[in-house]
Amino acid sequence: ISHVIYFYANDTFGNIGFDQNNFSIVLGGPSISINNPANNSYLNYINAVFNYSATDVDLLACELWGDFNSTFSKNQTNTSVVSGQASAFYLNLTEGNYSWGIKCNDGSGNNNTATNRTLYIDITNPALSMTAPSGTYSSLSDIPISYSVSDANSPACNYNVTFAATGAQAIAPTDIANCQNTTFNVTGTSGSKT
């Protein structure tokens, strides 16, 4: 916290002397705000950007820490960080799960760490093979959706149905609980494209 002290001295003849000084009180390490990626983020690209800002009267440097090479350790250092301004670390990663954090220190020997963040990188699309519906059905009800899906991370599944002749939507996007095989119903109209 920055302060200014004003000092006055006067003598018996009414003459006044004046001086002032600036001083700061630093009680702890820099405050750190991580802007993104948010904790437990999933990214489908490998060029990760770690945005943060740190605030301190005599901010000296900030570091990116993580288990990017199988050991939680310092990866990069920013010695040109400016108090209160956004900064970033850039890192190309491979698919996987990462723990990471930001550590900053000041010229008074204080430091602070914002860690215990998790980041997931997944650039591989889920493998999907659908076996039904296919061909012709004689009912508008209980049309099966049969498929298999696999992915390293838990996928979410949904479907929608359009009329082939017009492209108009017959069934709006619908989530499938736990990616299980299911059935659906359609109407007998062909729909009109709008």
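The phi torsions of the range 92-102, fed into the Karplus equation with coefficients 6.51, -1.76 and 1.60 and a -60° offset, translate into couplings of 8, 10, 9, 4, x, 10, 10, 9, 7, x, 10 Hz, rounded to whole numbers, with Gly and Pro shown as x. Taken about its Cα centre, the range 39-141 carries a charge dipole of roughly 180 debye when the Cβ of each Lys and Arg holds +1 and the Cβ of each Asp and Glu holds -1. Rounded to the nearest Hz, the phi-derived 3J(HN,Hα) couplings of the range 63-77 under the Karplus curve 6.51 cos²θ - 1.76 cosθ + 1.60 (θ = phi - 60°) are 10, 9, 10, x, 9, 5, 10, 6, 10, 6, 7, 5, 10, 8, 10, where x marks glycine and proline.
In this structure, the amide hydrogen of Ser146, modeled 1.01 Å from its nitrogen in the peptide plane, lies closer than 5 angstrom to those of Thr131, Ala132, counting only residues at least 5 positions away or on a different chain. Backbone phi angles across the range 163-171, fed through the Karplus curve with coefficients 6.51, -1.76 and 1.60 (θ = phi - 60°), yield HN-Hα couplings of 7, 4, 6, 10, x, 5, 6, 9, 9 Hz in residue order; Gly and Pro are listed as x.
Percent relative contact order of the range 39-194, based on C-alpha pairs within less than 8 angstrom and at least six residues apart? Show your work: numbers first, answer last.
Numbers: 309 pairs, mean separation 30.2, N = 156.
Relative contact order for the range 39-194 comes out at 19 percent.
No value in this document is a laboratory result; all are computed from the given coordinates. Nothing here was measured: the structure is a model prediction, and the numbers come from that model. Positions of Cβ are generated from backbone atoms using ideal geometry, with glycine treated the same way; all protein chains shown enter the neighbour counts.
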